[in-house]
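One structure below.
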Amino acid sequence: MERKMMKIRVEIAEKPYRLTIPADEEERVRRAARRIKEQIDALKRHYDASLTEYLAMAAMRISLENEENKERLEMAPEALKLKALVAELDQWAETDGNREACTAPTEKQPPIVKPKARRGRPRKKQENAL
């Protein structure tokens, strides 16, 4: 099946470009052009430079973001493995680390009853007057 192509016009660094792209890529291409414009505008607010320098710095920033996203995606399987290990450790910790508690039934122990707290101010001890 052949992909439907379309022609669009985008502006990058104040210059229009006509592109022929797959129709299902239109939104992504427009977002990318908009991202470049946003980066250049942000740089213009802080620095006085040529358009070429703005383009170079925008490309660097976007490339760094791309690299960070790639690293996150590469770490995703490891993060899932870590979550599974944490769940396993939590389950193990619930049994107080006692392996026999996982398989052998435990004897019922009476519940620990906490004494009631006294209310109000503590009373002064009276000394016996002789």
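The values are calculated or read from the model by the stated rules, or taken from the named source; none is laboratory data. Just so we're clear, the structure is a prediction, and the values are computed from it rather than from any experiment. All Cβ positions, glycine included, derive from the backbone under ideal geometry; neighbour counts span all protein chains shown.
Quick notes on this structure:
- Residue within the range 59-69 that is under 14 Å from Ala13 (Cβ atoms), small (Gly, Ala, Ser) and either free of Cβ contacts under 8 Å to residues at least 60 places away in the same chain or touching an Asp or Glu at 6+ places or on another chain (Cβ under 9 Å) (or both) present: yes
- Count of residues meeting criterion [among the polar types (S, T, N, Q), more than 27 Å from Arg34 (Cα to Cα) and assigned to a helix (DSSP H, G or I)] in the range 58-97: 1
- Those residues of the range 18-62 which are of a type in the set (D, E, K, R) and under 30 Å from Glu2 (Cα atoms), in sequence order: Arg18, Asp24, Glu25, Glu26, Glu27, Arg28, Arg30, Arg31, Arg34, Arg35
- Screening Glu88, Glu53 for residues that are among the acidic types (Asp, Glu) and at pLDDT below 95 leaves exactly one candidate, Glu88.
- Subset of the range 18-52 (residues that are closer than 21 Å to Ser63 by Cα, surrounded by 12 or more Cβ atoms within 10 Å (Cβ to Cβ) and not charged (D, E, K, R)): Val29, Ala32, Ala33, Ile36, Gln39, Ile40, Ala42, Leu43, Ala49, Leu51
- Within the range 40-53, the residues that satisfy the criterion of being over 14 Å from Glu11 (Cβ atoms) and in a helix (DSSP H, G or I) are Ala42, Leu43, Lys44, Arg45, His46, Thr52, Glu53.
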